[in-house]
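Everything below concerns the one structure shown next.
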């Protein structure tokens with residue numbers, strides 16, 4: 001039996017707000033789209049409570065869909081799960097390899113070739129050195145860029161750059177997959193194959209955490225749901241019940 005799991009215990013995270021006067025703070029927060037709860041820390045500094053006392057436990061087969069308005073804490077939570085942010089209270093524990101597709105548009109080196117960028121991304125993703133060649137072959141197969149991968153990426157069209165970034169993002173096989181929105185492409189000739197690759201990646205993951213505004217997608221893919229509001233869990237249960245709770249709120 002697999003021991004893959006992801007456990008979040010009483011996690012909280014607040015961001016201190018610098019260089020903004022109290023009078024203009026609310027306008028500033030609105031302009032950044034944050035939905036976190038405003039307060040002050042022990043030093044009387046303004047803080048935004050991005051995540052508040054959040055707990056849940058995921059095991060193999062769980063597909064958790066996260067819903068909430070912009071600024072509700074969805075992306076912040078994914079960054080905590082990925083280890084990008086460290087919570088100030090509580091902790092996250094996991095068994096299994098975690099991969100986060102949070103920003104698939106991580107900058108490519110425009111003067112390096114496609115293959116050189118693939119090797120750099122392999123190192124960034126923690127791919128073992130002896131697997132670099134297999135990783136490059138998989139990216140090449142998914143991107144369908146052929147000989148163009150030997151050319152500097154500044155010579156690529158926008159569609160070719162999209163293909164390379166997409167292939168780099170999904171050429172992994174994690175136990176625990178964190179997704180900030182479902183990856184898609186606009187290249188019509190490539191979109192059906194890209195969707196198939198994306199679905200295969202999700203199917204292979206043992207645990208999925210997907211934050212999205214696409215409620216139909218969440219209902220189709222996920223079996224568990226978390227409704228975040230101002231960094232707090234407003235509701236957690238089955239995906240169907242979570243969506244019903246989200247739709248019922250004004």
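The values are calculated or read from the model by the stated rules, or taken from the named source; none is laboratory data. Source: prediction; values computed, not measured. Cβ placement follows ideal geometry from the backbone for every residue including glycine, while neighbour counts extend to all protein chains displayed.
Has segment 68-81 got at least one residue that is in contact (Cβ under 8 Å) with a residue 40 or more places away in the chain, in contact with a helix residue (DSSP H, G or I) (Cβ under 6 Å, 6 or more places away or on another chain), within 28 Å of residue 50 (Cα to Cα) and buried (at least 17 other Cβ atoms within 10 Å of the Cβ)? Checked against the condition, which is being in contact (Cβ under 8 Å) with a residue 40 or more places away in the chain, in contact with a helix residue (DSSP H, G or I) (Cβ under 6 Å, 6 or more places away or on another chain), within 28 Å of residue 50 (Cα to Cα) and buried (at least 17 other Cβ atoms within 10 Å of the Cβ), segment 68-81 yields at least one hit.
Any idea which of 128, 94 is without any contact (Cβ under 8 Å) to a residue 60 or more places away in the chain and either closer than 27 Å to residue 4 by Cα or surrounded by fewer than 12 Cβ atoms within 10 Å (Cβ to Cβ) (or both)? Result of the check over 128, 94: 128. Condition check for residue 110 on (1) touching a helix residue (DSSP H, G or I) at 6+ places or on another chain (Cβ under 9 Å); (2) in a helix (DSSP H, G or I): one failure, at (2). Against the numbered list (1) modelled with pLDDT of 60 or more; (2) closer than 21 Å to residue 211 by Cα; (3) touching a strand residue (DSSP E or B) at 6+ places or on another chain (Cβ under 8 Å), residue 16 comes up short only at (2).
Looking for whichever is closer than 16 Å to residue 165 by Cα, without any contact (Cβ under 8 Å) to a residue 24 or more places away in the chain and crowded, with 16+ Cβ neighbours inside 10 Å here; the options are 100, 122. Which one fits?
Working: 100 fails: without any contact (Cβ under 8 Å) to a residue 24 or more places away in the chain.
That would be 122, the only listed residue that is closer than 16 Å to residue 165 by Cα, without any contact (Cβ under 8 Å) to a residue 24 or more places away in the chain and crowded, with 16+ Cβ neighbours inside 10 Å.
Does residue 63 satisfy the condition of being within 26 Å of residue 97 (Cβ to Cβ), in contact with a helix residue (DSSP H, G or I) (Cβ under 9 Å, 6 or more places away or on another chain), surrounded by 11 or more Cβ atoms within 10 Å (Cβ to Cβ) and at pLDDT 55 or above? It is true that residue 63 is within 26 Å of residue 97 (Cβ to Cβ), in contact with a helix residue (DSSP H, G or I) (Cβ under 9 Å, 6 or more places away or on another chain), surrounded by 11 or more Cβ atoms within 10 Å (Cβ to Cβ) and at pLDDT 55 or above. If the condition is being without any contact (Cβ under 8 Å) to a residue 40 or more places away in the chain and in contact with a helix residue (DSSP H, G or I) (Cβ under 9 Å, 6 or more places away or on another chain), then segment 235-246 contributes 235, 237, 240.
The condition of being surrounded by 20 or more Cβ atoms within 10 Å (Cβ to Cβ) and under 24 Å from residue 149 (Cβ atoms) holds for only one of 189, 171, 205, that being 171. Cβ separations smaller than 8 Å between residues 6+ apart or across chains give no pair from segment 1-26 residues that are assigned by TED's automatic domain parsing to the domain that holds residue 87 and within 27 Å of residue 60 (Cβ to Cβ) to residues that are in a strand (DSSP E or B) and at pLDDT below 70. For segment 228-247, the condition holds for at least one residue, the condition being that it is surrounded by 13 or more Cβ atoms within 10 Å (Cβ to Cβ) and under 17 Å from the mean Cα position of the chain (by Cα). Only residues that are farther than 25 Å from residue 203 by Cβ, within 24 Å of the chain's Cα centre (by Cα) and without any contact (Cβ under 8 Å) to a residue 24 or more places away in the chain were counted in segment 133-174, giving 2. May I ask you to verify whether residue 113 is touching a strand residue (DSSP E or B) at 6+ places or on another chain (Cβ under 7 Å), over 30 Å from residue 236 (Cβ atoms) and in contact (Cβ under 8 Å) with a residue 12 or more places away in the chain? Yes: the conditions hold for residue 113.
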